[in-house]
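Here's the structure we're looking at; comments come further down.
The values are calculated or read from the model by the stated rules, or taken from the named source; none is laboratory data. Computed from a predicted model, the values in this text were never measured in an experiment. When we count neighbours, we look across all protein chains shown, and the Cβ atoms used for this are built from the backbone with ideal geometry, even at glycine. Accessible surface areas use protein heavy atoms only, side chains included; no ligands, DNA or RNA. Shrake-Rupley method; radii C 1.70, N 1.55, O 1.52, S 1.80 Å.
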Amino acid sequence: MRQTFRTLRIHNYRLWAMGALVSNIGTWMQRVAQDWVVLTHLTAHDASAVGIVMALQFGPIALLLPLSGLVADRCDRRKVLMLTQAAMGMVALGAGSLLLLGRLTLWEVWGFALLLGITTAFDSPSRQTFVAEMVGEAELANAVALNSASFNLGRMLGPAVAGGLLAVLGAGWVFVLNAGSFGAVLLALGAMRTQDLHRGKARAPGRTGLAAGFAYVRRRRDLTAIVTMLFLIGTFGLNFPIYIATMAVTTFHVGAGQFGLLTTLMASGSVVGALVSAGWKTRGMALLVRAACAFGTGCALAAVMPRYALFGLMLVPLGIATQIFNTSANALVQMGTAPEMRGRVMAIVLGLALGGTLIGAPFVGWVADAL
């Protein structure tokens with residue numbers, strides 16, 4: 001246990017971890033409430049309206065790559081995060097206030113989703129690379145794994161909390177509470193000892209922007225291999241909402257509660273995988289390949305499970321393998337990238353992950369319908 005949670009001994013990272021966990025729970029609470037409001041209050045169960053919300057929320061991450069990665073490399077990441085976290089809190093507060101007043105429309109939801117997407121585009125590369133500043137290169141892999149554990153713990157707890165709050169307080173207060181959760185991150189960032197941060201070297205002159213990031217990755221065969229694996233598995237493998245939903249509805253014919261249980265089982269495996277990965281001090285390409293093989297094997301075994309219970313049980317080891325692959329790939333990319341290029345390289349990774357989902361999700365959905 002000491003080995004798994006060793007980076008929590010670092011003052012700055014300990015503050016960050018506490019604030020991030022609160023914020024992750026709040027974010028997943030709002031995601032559930034947002035889908036609920038669009039489906040039940042603003043439309044007549046129009047799933048395409050939810051799809052537009054998702055596109056507006058995640059599309060800017062890919063479109064703003066040339067600028068967001070450069071900001072992460074050229075600016076003070078702690079200050080960038082303070083601005084983006086405050087902005088995301090204001091977006092949640094604005095949407096929640098209109099919802100409480102009964103004046104929120106579908107067009108306004110789309111507008112808030114676009115604002116959140118633009119802010120997230122600048123937040124994500126800085127947040128990913130700020131971890132190295134808090135813990136240093138030696139403990140980077142452990143911190144990345146603990147971040148993944150926090151995210152998946154929020155994915156487990158947030159929807160459950162949101163379900164209760166939707167019934168008791170209503171959707172508007174869920175948005176407002178999420179706005180408050182960003183305050184936990186802002187307090188953590190403000191209380192950090194800036195003199196303990198591991199600042200990178202002075203930024204080297206030369207080519208800037210995303211083109212420099214692609215050129216850097218192209219020169220590095222190890223990074224090219226990792227990014228290619230991330231793109232292929234992210235595009236055709238990490239489409240679990242489609243897999244789980246179609247298996248639950250068309251194969252096992254279960255209801256919403258049992259469908260939710262499958263998602264929880266997957267998330268619990270992801271938490272375990274992140275914690276297992278956090279306990280390792282060293283990792284390399286061999287581990288990444290083994291995790292990818294375990295992921296593929298887990299998908300194949302889950303596909304042939306004849307009963308709902310067996311399928312649900314298979315999702316736990318599949319979640320473990322998925323998270324070990326993701327956290328190991330993230331850590332290897334960050335540890336193998338020069339600090340002055342890390343923001344742009346991570347922006348490329350995030351962009352490929354998002355772009356792969358936009359390409360792969362419709363294809364995988366067609367395969368599920370046709371085959």
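Structural remarks
Residues checked against (1) closer than 17 Å to VAL32 by Cα; (2) of a type outside the set (Gly, Ala, Ser); (3) in a helix (DSSP H, G or I):
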residue	(1), (2), (3)
LYS79	no, yes, yes
ALA87	no, no, yes
LEU104	yes, yes, no
GLY111	no, no, yes
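- Within the range 1-39, the set of residues being among the aromatic types (Phe, Trp, Tyr) and assigned to a helix (DSSP H, G or I) comprises TYR13, TRP16, TRP28, TRP36.
- Here ARG74, ARG6 are screened, and the one residue that is among the basic types (Lys, Arg) and open to solvent by 70 Å² or more (accessible area, probe 1.4 Å) is ARG74.
- Only listed residue being hydroxyl-bearing (Ser, Thr, Tyr) and either assigned by the TED database to the domain that holds LEU332 or open to solvent by less than 40 Å² (accessible area, probe 1.4 Å) (or both), chosen from SER97, SER148: SER148
- Flag for VAL174 being within 21 Å of ALA33 (Cα to Cα), open to solvent by 10 Å² or more (accessible area, probe 1.4 Å) and of a type in the set (Val, Ile, Thr): no
- When each of THR251, THR235, THR208 is tested for being closer than 21 Å to VAL333 by Cβ, more than 23 Å from the chain's Cα centre (by Cα) and modelled with pLDDT under 90, the lone residue that passes is THR208.
- Test: residue in the range 261-272 that is free of Cβ contacts under 8 Å to residues at least 12 places away in the same chain, more than 30 Å from ALA225 (Cα to Cα) and open to solvent by 40 Å² or more (accessible area, probe 1.4 Å): no
- Failed item in (1) crowded, with 20+ Cβ neighbours inside 10 Å; (2) modelled with pLDDT under 85, with PHE363 passing the rest: (1)
- When ARG155, ARG199 are checked against the criterion of being touching a residue at least 24 places away in the same chain (Cβ under 8 Å), out of contact with any strand residue (DSSP E or B) (no Cβ under 7 Å at 6 or more places or on another chain) and not in a helix (DSSP H, G or I), ARG199 stands alone in meeting it.
- PHE252 out of contact with any Pro (no Cβ under 9 Å at 6 or more places or on another chain), open to solvent by less than 60 Å² (accessible area, probe 1.4 Å), aromatic (Phe, Trp, Tyr) and under 21 Å from ILE324 (Cα atoms): no
- Against the test of being modelled with pLDDT of 95 or more, under 16 Å from VAL32 (Cα atoms), open to solvent by 10 Å² or more (accessible area, probe 1.4 Å) and of a type in the set (A, V, I, L, M), the options ALA179, ALA167 yield a single qualifying residue, ALA179.
- One residue alone among THR105, THR120 is closer than 24 Å to VAL349 by Cβ and surrounded by fewer than 23 Cβ atoms within 10 Å (Cβ to Cβ), and that residue is THR120.
- Flag for GLY19 being at pLDDT 90 or above, over 30 Å from MET341 (Cβ atoms) and buried (at least 20 other Cβ atoms within 10 Å of the Cβ): no
- Residue list for the range 237-249, filter: outside any helix (DSSP H, G or I) and open to solvent by 10 Å² or more (accessible area, probe 1.4 Å): LEU238
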